[in-house]
Amino acid sequence: MWQERVPREGVVRFLRNHGPTSTADLAAHFNCSKRTIFRKLESSGHLSCYNTNSTMLGLPETMDFDEDGLWNCQGVRFSRWGTVAATIPELVAASSGGLTLTELRRTLHIIVHAHITTCVKEAAIVTAGRRGRSVYCSTDPVRRRQQLANRGRLSWDRRIPARAPSPRTLVRVLLSVLEHHDLSRGVLLAALASIRTAENEATVRWILDVCRRSGKGHGRAIAL
């Protein structure tokens, strides 16, 4: 009776017992080509790592995925969705405020620009925001509006405060505020422009952030 030289069950059992293994090691163990290994695993539901050019293979049931559906095995990274192009839409859809390129890069620990471009072209995610400040959101309109609303709140709460302006700058700004009885962004910018400081936006952010933390508002005009 004819028998497979490399039985599919044998390759699956090896991965189940040994965990993620390189295609080279599998091919050497079963004395076959890497192509044969991939062919034997076609219907096994196996996963390829996404950060080492698919050189490591494993079975989902042997992996301990985190809340993002990702698993890091000594620097070798796997996603429950397989490829990066399949993973990014899932991460974006599950996020409360969409995700930026930087946030995706930090989550996946790889360069993601090309993958994001592919996802956008295939309409798997939607780009929102201005160039250089893009946020990638769900393709569902209702979910997207919710994400953008949340992003607006998160962007303020997570903002890193700018460094404090000089005492001279603060005095000039406070005098202008007292004169106009107003603590709006426009008044602050006008006051800063009058002393020709190079830190207009940073200083405005710092002052408004201090006021917010003191419970005086969120960048709105404040009567003094």
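The values are calculated or read from the model by the stated rules, or taken from the named source; none is laboratory data. All figures in this text were calculated on a predicted structure; none of them were measured in a lab. For neighbour counting, all protein chains shown are included, and Cβ atoms are generated from backbone atoms with ideal geometry for every residue, glycine included.
Scanning region 15-44 for residues that are among the hydrophobic types (A, V, I, L, M, F, W, C), in contact (Cβ under 8 Å) with a residue 12 or more places away in the chain and within 21 Å of Phe78 (Cα to Cα) gives Leu15, Ala24, Leu26, Ile37, Phe38, Leu41. Does Arg16 satisfy being in a helix (DSSP H, G or I) and assigned by TED's automatic domain parsing to the domain that holds Ala149? In short, no.
Residues are listed down the side, and each one gets a yes or a no for (1) in contact with a Pro (Cβ under 8 Å, 6 or more places away or on another chain); (2) assigned to a loop (DSSP other than H, G, I, E, B); (3) farther than 23 Å from Gly19 by Cα:
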position: Phe65; (1), (2), (3): no, yes, no
position: Phe78; (1), (2), (3): yes, no, no
position: Thr87; (1), (2), (3): no, no, no
position: Glu90; (1), (2), (3): no, no, yes
position: Gly97; (1), (2), (3): no, yes, yes
position: Leu104; (1), (2), (3): no, no, yes
position: Thr118; (1), (2), (3): no, no, yes
position: Arg143; (1), (2), (3): no, no, yes
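Within region 109-139, being in contact (Cβ under 8 Å) with a residue 24 or more places away in the chain, touching a Phe, Trp or Tyr at 6+ places or on another chain (Cβ under 9 Å) and within 18 Å of Asn150 (Cβ to Cβ) holds for Ile125, Ala128.
Residue count for region 119-138 under the criterion of being more than 16 Å from Gly97 (Cβ to Cβ) and surrounded by 14 or more Cβ atoms within 10 Å (Cβ to Cβ): the result is 3.
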